[in-house]
1. Can you name the residue in region 194-212 that is at pLDDT below 95 and among the aliphatic types (A, V, I, L, M) and, of all such residues, is farthest from F254 (Cα to Cα)?
2. If D58 meets every condition in (1) part of a loop (DSSP other than H, G, I, E, B); (2) out of contact with any Phe, Trp or Tyr (no Cβ under 9 Å at 6 or more places or on another chain) apart from one, which number is that one?
3. When only residues in region 69-88 that are over 14 Å from D41 (Cβ atoms) and in a loop (DSSP other than H, G, I, E, B) count, which is nearest to ligand 2 (Cβ to nearest atom)?
4. What about K46, is it among the basic types (K, R) and assigned to a helix (DSSP H, G or I)?
5. When the residues of region 155-200 are filtered to those that are within 16 Å of ligand 1 (Cβ to nearest atom), β-branched (V, I, T) and surrounded by 15 or more Cβ atoms within 10 Å (Cβ to Cβ), which remaining residue is farthest from E31 (Cα to Cα)?
6. Taking the stated definitions as given, is Y123 surrounded by 20 or more Cβ atoms within 10 Å (Cβ to Cβ), assigned to a helix (DSSP H, G or I) and away from ligand 2 (no atom under 16 Å from the Cβ)?
7. Of the residues in region 252-293, how many are within 14 Å of L319 (Cβ to Cβ) and among the small types (G, A, S)?
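The values are calculated or read from the model by the stated rules, or taken from the named source; none is laboratory data. In this text, all values refer to a predicted model and were calculated from it rather than measured experimentally. With ideal geometry, Cβ positions are generated from the backbone for all residues, glycine too; neighbour counts draw on all protein chains shown.
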Amino acid sequence: MEKKQFQAESKRLLEMMINSIYTQREIFLRELISNASDAIDKIYYKALTDDALVFDKDSYFIKVAADKANRTLTIRDTGIGMTKEDLENNLGIIAKSGSLAFKKENESKEGHNIIGQFGVGFYSAFMVADLVTVTSRALGSDVAYKWESTGADGYTIETCEKDTVGTEIVLKIKENTEDDNYDEYLDEYRLKAIIKKYSDFIRYPIKMDIAGKRLKEGSESEFEDYEEEQHVNSMVPIWRKNKSELTPEDYEKFYNEKHYGFDKPLKHIHVSADGAVVYQAILFIPENMPYDYYSKEFEKGLELYANGVLIMNKCADLLPDYFSFVKGMVDSESLSLNISREMLQHDRQLKLIAKNIQSKIKGQLQSLLKDEREKYEQFYKAFGRQLKFGVYSDYGTHKEVLQDLLMFYSSKEKKLVTLDEYIARMPEDQKYIYYASGESIERIDKLPQTEIVSEKGYEYLYFTDDIDEFAIKMIMTYKEKEFKSVSSGDLGIEADDKETETESDKNENKELFEYMTNLLSGKVSNVKASKRLKTHPVCLSTDGDVTIEMEKILNAMPN
Ligand code: ADP
Ligand code: MG
């Protein structure tokens with residue numbers, strides 16, 4: 001048995017690796033299972049071109065087994081295995097990836113799904129183990145080798161017995177310390193949960209022996225211990241399935257299993273993009289607003305998978321703020337990951353996916369609006385405010401995305417209408433889109449300013465949300481029609497109703513107006529006669545851009 005040393009740099013690198021690359025210890029299992037899956041994939045690819053090799057799906061699997069008494073965790077695969085050389089190169093040299101080399105050699109082959117690329121994942125085992133033993137027999141070889149290492153100290157290799165082709169990795173799990181608990185990595189239920197979380201969609205079965213208690217046969221009170229081999233992972237993710245095979249219930253179940261929300265999804269979007277960017281996504285528009293939606297705790301984002309393996313729980317870059325209510329996941333084969341595979345390198349692909357997703361969500365909301373009005377209104381009541389905030393905070397182009405989705409309560413329809421519907425109903429002589437701001441519909445109805453607009457037969461929109469008028473100022477015009485507050489100075493209503501004072505009006509009440517202007521000095525800039533009023537004796541109007549309602553809100557804002 002010969003003892004080899006890691007190169008000096010490698011030693012330090014390994015220590016750095018073990019202690020700082022990963023934020024969560026539990027991912028060691030993701031890494032080892034990913035390697036096992038890659039090893040099986042390699043046989044699969046070989047079988048594609050080698051007639052002597054038959055890939056019989058049933059004989060390929062990954063087995064995870066915990067032994068509490070001996071504090072060992074074993075991950076066994078029936079993959080391609082490693083020769084002595086492979087063990088030295090791939091496990092003895094940090095940052096050397098046999099999988100990356102394999103991928104490059106086989107680039108021409110269809111749909112490679114190999115996960116490995118950095119050549120560091122394996123060493124994450126040392127986060128939880130103080131001794132790692134790898135026994136491997138390579139495909140086509142009669143001899144097996146045992147590679148063993150306690151981490152930074154180097155490794156040993158010797159020949160050993162192994163009946164079948166494949167690799168077995170035994171981790172001697174660390175003892176608990178005051179600060180750290182390692183026992184959890186020997187607990188079957190915890191291990192199963194980790195596998196479900198990160199590796200649920202590995203394409204080969206992951207098996208575990210799960211122990212339990214059950215009633216003894218024929219007895220009604222006596223229990224017995226039993227152990228049963230369970231197939232833990234779902235293998236084929238719902239997002240890779242054909243849409244036509246899936247029912248709304250399947251999507252609902254997925255929403256619940258993923259804990260995206262406690263409600264039911266209002267609508268799902270299943271994307272399978274095959275163009276400039278290749279990705280699959282399942283997105284949900286929730287039924288209700290999450291209880292913490294407007295709190296600091298709320299984090300927007302979608303789950304991000306690279307090739308079926310979970311990389312990030314909440315990838316915020318995938319969603320614009322105005323669609324922050326959307327839940328779901330994205331899986332893509334073409335992302336550049338950073339070394340810990342917990343983050344992305346700034347990625348053009350990701351930007352493209354985000355853009356694509358944004359238009360899918362908009363499209364879905366538009367068709368909801370068109371085809372399922374009631375559902376849309378339910379959505380709008382929960383999240384409409386978010387869309388308006390989106391319009392308001394726009395420095396770019398997303399108001400284009402959002403303005404078609406806005407709704408306001410209408411004086412004519414007595415219900416929510418879109419801007420498009422408003423425009424479609426406008427009489428020919430109407431120049432503006434009128435709106436009236438106020439606390440509530442009832443209060444707006446009492447505004448003297450609305451009378452002249454109504455009398456003219458024009459529709460106006462009720463702006464009862466603080467953000468409404470601010471958002472509309474950002475849009476400025478919709479289909480070339482300007483927005484106009486009913487309380488603004490010039491309403492653009494026909495000449496006979498015009499605001500202009502005649503000389504005689506002015507003189508007739510000259511003294512009274514002077515007296516009133518004095519009385520209200522500092523509160524109003526001018527008092528004059530108006531032809532705008534119908535049943536009310538007086539109203540306030542503004543000349544500038546900022547209306548009375550906006551002024552109230554601005555004044556109420558903390559400085
Ligand atoms: P990566 O998976 O990114 O290549 P790892 O450090 O996880 O890096 O693994 C290093 C290399 O070791 C892999 O590329 C592969 O060649 C080899 N390897 C690791 N685990 C196995 C396994 N279970 N079966 C066969 N080869 C393996
Ligand atoms: Mg790996």
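1. Across region 194-212, the extreme among qualifying residues is A211.
2. Tallying (1) part of a loop (DSSP other than H, G, I, E, B); (2) out of contact with any Phe, Trp or Tyr (no Cβ under 9 Å at 6 or more places or on another chain), D58 fails exactly one: (1).
3. Checking each candidate, the answer is M82.
4. Yes, satisfied.
5. Selected residue: I157.
6. no
7. Here the count works out to 1.
Matching residues to (1) farther than 22 Å from N555 by Cα; (2) in contact (Cβ under 8 Å) with a residue 60 or more places away in the chain; (3) exposed (fewer than 14 other Cβ atoms within 10 Å of the Cβ):
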| site | (1), (2), (3) |
| --- | --- |
| E413 | yes, no, yes |
| L416 | yes, no, no |
| L419 | yes, yes, no |
| Y422 | yes, no, no |
| I444 | no, no, no |
| E459 | yes, no, no |
| D468 | no, yes, no |
